[in-house]
Amino acid sequence: MTSTTTTRVGRGDLESPRPRWRAATDRAGVAFGAPFFIGFAFVFVAPILYALYQSFLTVKADGGLGLGASTVVFAGFDNYVKALNDGPFWASMVRVGLFALVQIPISLGLSLSAALLLDAARERTGTVYRSLLLVPYMVPAIVASLIWVYLYSPRVGPFTAVGDALGLSVSFFDSRMLWVSIGNLVIWMVLGFNMLIMYGALRGVDRSILEAAKVDGAGGIRTALAIKVPIIRGTLVLTGLLSIIGMLQIFNEPLIFRGASPETVTKDFTPIMSIYFQAFTNNNYSYAAALSVVLALVIGLLSAIFYRLGNRSGV
């Protein structure tokens, strides 16, 4: 009996450190992750919840003609009904959507071409050109917009002078050229970012597959189109998803262009600009919050549709 009891106690002593080690590891993981989750809660979750709360409120003046003291009252879904019937807001949504249908394929096509060329180049050459392509992405959006507004300027910009020398009279701020000017700026900024994501995926392709294709006589273009691109389809869906989200939130570029061409770039030119002017010009924060929620739902719906279509394509 004594020996049996001793054996059981010994097994318990051997098994007890393992749960303790796991508990200590869990506590360490929580400690390391806590700063991120706290920051995420304050920076993302709390503003979203506050915007939802704000969207159900409205400000009403107690006195006549809006001269009395104002009070915040519960409005129910009035702001959302108004948002669904806001013609300029939905017109801006359609405007940006049509722009995205043209700009996103061009941007992703150029980024994919650059990634494929860098993947096929020598290591040293690829490093140099990869760094050069990433420079525009590291420039802040406001600064990049100011640079391109200067380049497009009809008085001091070099593009207009070159066009005049060639006998071409082009106004980059004209209503027919404005989206081309903004699209060129956006592509210049995001090409390096998308290229880096695609290039990283290409570097993960099994080199033995590429060597086998080379032995079978496949050239560089055939290898790229038949092997590399299908393998990284998931990455293409990811960059496309990010591009859709970014396009529907475009704000900095049109806002800077508005200073150069206010008659073309109106305050309702893009959905974010509509929200911005509702909040900070009309001081209608509750309605701006409702528009923000509607825009977030539209972005989420379009992203889900695009992701589902990507999966059906075999991604």
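The values are calculated or read from the model by the stated rules, or taken from the named source; none is laboratory data. Predicted model, so just to flag it, every value in this text is computed and none were measured. Note: ideal-geometry Cβ built from the backbone for every residue, glycine included; neighbour counts use all protein chains shown. Protein only, heavy atoms only, side chains kept; ligands, DNA and RNA dropped before computing areas. Shrake-Rupley method; radii C 1.70, N 1.55, O 1.52, S 1.80 Å.
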Could you list, ordered by first residue, the pairs with Cβ atoms under 6 Å in which the first is in segment 274-290 and closer than 14 Å to residue 255 by Cα and the second is basic (Lys, Arg) and open to solvent by 20 Å² or more (accessible area, probe 1.4 Å), at least 6 apart or interchain? 277/267
The helices (runs of 4 or more DSSP H) lying entirely within segment 182-275 that contain at least 2 residues which are of a type in the set (D, E, K, R) and either modelled with pLDDT of 90 or more or farther than 21 Å from residue 306 by Cα (or both) are 207-215, 252-260
Scanning segment 25-53 for residues that are hydroxyl-bearing (Ser, Thr, Tyr) and either surrounded by 11 or more Cβ atoms within 10 Å (Cβ to Cβ) or touching a residue at least 40 places away in the same chain (Cβ under 8 Å) (or both), which turns out farthest from residue 79 (Cα to Cα)? 50
Taking only pairs six or more apart or across chains, which ones have beta-carbon atoms under 6 Å, a first residue in segment 111-136 that is under 24 Å from residue 240 (Cβ atoms), and a second residue that is not in a helix (DSSP H, G or I)? none
Only one of 279, 290 is over 18 Å from the mean Cα position of the chain (by Cα), part of a helix (DSSP H, G or I), of a type in the set (Gly, Ala, Ser) and more than 28 Å from residue 185 (Cβ to Cβ); which? 290
Could you count how many residues in segment 134-157 are more than 29 Å from the chain's Cα centre (by Cα) and open to solvent by less than 60 Å² (accessible area, probe 1.4 Å)? 1
Inside segment 177-208, can you point out the residues that are under 19 Å from residue 250 (Cβ atoms) and over 21 Å from the mean Cα position of the chain (by Cα)? 177, 178
Residues satisfying the stated conditions in segment 144-178, i.e. out of contact with any helix residue (DSSP H, G or I) (no Cβ under 7 Å at 6 or more places or on another chain), among the β-branched types (Val, Ile, Thr) and farther than 16 Å from residue 259 by Cβ: 160, 162
